[in-house]
């Protein structure tokens, strides 16, 4: 009999409930059913703290909100990506045929196929795409997994450098060491802890303040900067803004927010959300119970509170995003911000 799986030794954690504030509530038929607490930080275009709630200086695992930094690192390490490919390298895509085609092209251009991907097999998150795969006799595959674009970008960087591809998700791999360095340079702080993300790649613990700072830098740097790091960061931001469909998918919340608010929006698993407007206002949110919808709702409201978007625009965007509470298949309430 094999040994039971042992939990890793606890070496740290994020802020506690006592260091959190209420950010959003869900109402059902006029009754507040759930309350979502967490922390948030809004930075002004000049980098000043406009709104700080909870414990923004405590470490968090940014999950997929780390993807723009990882894309910057892949490009900086030599990955040759066009606009759509750059967007997919920073995406949590829905696995549509259009998404998958771009990822396959990323792999083919460096002489690889989807067997090189080390992200776990999955079915498309998009229901129509999932039905098409199953209807055609297909099965879960790594290329349908929402992080396959990020992984393809990493593989492209590995091929460019002659690095091994069979272990590119190992935290000791030169690519991941480079990613860690880029994260620290963009956020302005040292990584507090290294964990394994859901896709198998390393995820680096940073503070919510560092995350907001890094997203703001990605949104405000220039492609004419004398520094390659900032040129690459500006390229990632521009590609995401020009191809919002690639970041998530048509009708999906992050893409909807990007299209309606003309901004950058990227959620991460377990209650993390980042947004940035073209003027450089940036927000980062972490909801302790892991509810991404609540984090997204709070982030939009905080951008409006900071004056970066109008209240009407925020309300319209939230109505179009995933905030409706259903009962018997009909709307009976809504997730709403309280910040």
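Report, largest value first, the span of the C-alpha coordinates of the chain along each principal axis, in whole Å.
Here the Cα extents, ordered largest to smallest, are 56, 50, 49 Å.
Evaluated at 10 °C with a viscosity of 1.306 mPa s, what Stokes-Einstein diffusion coefficient in µm²/s does the range 98-220 have when Rh comes from the Kirkwood expression over alpha-carbon pairs?
D = 101 µm²/s.
Any idea what % of Cα-Cα pairs in the range 226-339 are farther than 17 Å? Mind dumping the intermediate values first?
Working: 3560 of 6441 pairs.
The calculated P(r) of the range 226-339 puts 55 percent of pairs beyond 17 Å.
Which of rounded, prolate or oblate describes the range 33-182 when judged by the alpha-carbon gyration tensor and an a/c cut-off of 1.5?
Oblate, since a/c reaches 1.5 and b/c is not below a/b.
What translational D, rounded to a whole number of µm²/s, comes out for the range 139-291 from Stokes-Einstein when the hydrodynamic radius is the Kirkwood one over Cα pairs, at 4 °C and 1.567 mPa s?
78
As an exercise, find the ratio Rg/Rh for the range 210-291 from alpha-carbon atoms, using the Kirkwood inverse-distance average for Rh. Display every interim value, and only then the final one.
Values: Rg = 12.9 Å, Rh = 13.1 Å.
That ratio equals 0.99.
A short reminder: the numbers here are calculations on the coordinates, not readings from a lab. Remember, it's a predicted structure, so these values are computed and weren't measured experimentally.
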